[in-house]
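See structure below.
The values are calculated or read from the model by the stated rules, or taken from the named source; none is laboratory data. Quantities reported herein were computed from a predicted structural model and do not represent experimental measurements. Cβ atoms come from the backbone with ideal geometry, glycine included; neighbour counts cover every protein chain shown. Just so you know, the surface numbers come from the protein's heavy atoms only, side chains and all, with ligands and any DNA or RNA stripped out. Shrake-Rupley method; radii C 1.70, N 1.55, O 1.52, S 1.80 Å.
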Amino acid sequence: MRYLLLSTAILIAGPAMAEQIETTARVTDVTVYPWGAGVTREVALDLPAGAHELVIPGIPQGIDPGSLRISGEDAVIGAVSFQQERALPDAPEKSPELTAAEAEVRRLKTALASRDAGVAEIEARAEAAEDLIEFLMKVAESDGIGSNDLAALSGTVGQQLLQARQTAIRAKAEAEAANLDREDQVGALERAEARLEALRGPDSERGALVVAVQGQGKPARIRISTLTDQAGWQPAYDLSLQRKTGNLRMDRGLIVHQGSGEDWSGVHLRLSTARPMDQSAPSELQPQFPRTSPPEDVETYSRLASSAGEMAMDMRERAVPAAPMAEAVVAGSALAGVVGETVVYDYATPVTVRDGADALRLPLDSHDLTATVVAEAVPRRDSSAYLVADAVNSTGAVILPGNASFYADGALVGRGALELTAAGDKMKLGFGPLTGITLERRVPDETEGARGLISKSSERQEVAQLRIHNLTAEDWPLRVIDQVPVSTQK
């Protein structure tokens, strides 16, 4: 430990004497939370012994500097500077990877320019031949040429016209042949420029890390971990019910989105149910002083409390970034692990999630559940009954809240949402209306007490009639739900 502290102090005290090396940090691992993501970058390079400054451009400015963590293997990490506004240090030494990318762009640009110049030279020969043909034709058609001269001129002009036309034809053929693979050459240049841009990153939108390190004369590996709030994931479900057998299949998937300012290409992806960007401690209660109030004051307080709750919910919804509409489906599988109360899905196949462009959908797993099918009727609100499946969460893990698509006997019947359901807890799932079972609710007679001169009545009577008509060709187990009034007055 003393050696580590001493090395760090030396690096901080004399950074101006250190050799500057510009290198790149590739995103290798990403852990996405329902709101936010932890991003890990790696730098691998041959680090000579002694003190150095690593300049790592292309770091998105949206990261939280307080979440920055750096560790080194075969290198001692010293002072770290995250530069977002000021320019990078002057003329740092470039890494071999960056130097090779720049050299490749220059080579391809030179080769393409040389090809275009050669094609232009060939086309110039063709144009010169066309010009000669036009000149000879004008000479042959000119007046003032005698009969003797015309005979001699005809042989000469005819031979020259033939040669000029042959030259034009050959030049056009050579130009077409020279342009056959130009598109491939342009494509190679565009890919090389894209790679160089990815290595460097636009300085106007990104920052740079300047890391003081003590090399040990061997290949070093440096890991950089940051946290961004511009990412998230949510589950997606497909629930398929076979009504006759009561079989219920649940296919689970994950939708990942991010707008961190950079593409995640071929990264190792983990998805965690933890919420590091959210509340981490229990709420505190303030003193409460109850008092009796007139009914209108109670109603006013209730409206204010309801408005405050809706406002708080709206703020939470706006705080979570929305996923783009486009979806890319990737084959693969995820393994679930449990860390305390947190479930972590480790996706084995490398994935790519572009900045602000994709809503990546990943398959997770499938489970077969046993359901009890009933027709549920709510005559107070609905005009027909609904197909409902009562099931138990037998997956062995919590079912997280998320959007779901419901299929009955292979047909899509609706879209909805699943609530948070613990393992072993009950679930009630709706699979669309049963239009052949009609509902009606009537209140034929209703009386309420009135105040008189001598006496008063505080009694209210209500009779409701619920009528359910089964117009289908089969029998249905039926569950009818209605409200029973409860008095709140003495």
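When residues of segment 28-50 are filtered for being closer than 16 Å to Thr228 by Cβ, of a type outside the set (Gly, Ala, Ser) and open to solvent by less than 10 Å² (accessible area, probe 1.4 Å), how many remain?
4
Pairs, please: C-beta under 8 Å, at least 6 apart or cross-chain, first residue acidic (Asp, Glu) and in segment 43-69, second part of a helix (DSSP H, G or I)?
Within 8 Å, the pairs are Glu53/Pro15.
Quickly run through segment 431-462 and pick out the residues that are in contact with an Asp or Glu (Cβ under 9 Å, 6 or more places away or on another chain), closer than 30 Å to Ala404 by Cα and either open to solvent by 60 Å² or more (accessible area, probe 1.4 Å) or at pLDDT below 55 (or both).
Within segment 431-462, Pro433 is the sole residue that qualifies.
Scan segment 250-293 residue by residue and report those that are exposed (fewer than 15 other Cβ atoms within 10 Å of the Cβ) and in contact with a strand residue (DSSP E or B) (Cβ under 7 Å, 6 or more places away or on another chain).
Ser265, Gly266
Where the second residue is of a type outside the set (A, V, I, L, M, F, W, C) and open to solvent by less than 30 Å² (accessible area, probe 1.4 Å) and the first is part of a loop (DSSP other than H, G, I, E, B) and lies in segment 376-396, which pairs have Cβ atoms under 9 Å and are six or more apart or on separate chains?
Cβ pairs passing all conditions: Asn393/Thr421; Thr395/Arg252.
Looking only at strands (runs of 3 or more DSSP E) that fall completely inside segment 214-259, which ones have 1 or more residues that are in contact with an Asp or Glu (Cβ under 7 Å, 6 or more places away or on another chain) and under 30 Å from Asp74 (Cα atoms)?
The qualifying strands (runs of 3 or more DSSP E) are 218-228.
Looking at segment 372-397, which of its residues are hydroxyl-bearing (Ser, Thr, Tyr) and within 37 Å of the chain's Cα centre (by Cα)?
If the condition is that a residue be hydroxyl-bearing (Ser, Thr, Tyr) and within 37 Å of the chain's Cα centre (by Cα), then Tyr386, Ser394, Thr395 are the ones that fit.
Would you say Gly356 is on the phi > 0 side of the Ramachandran plot, open to solvent by 60 Å² or more (accessible area, probe 1.4 Å) and modelled with pLDDT under 90?
The answer is no for Gly356.
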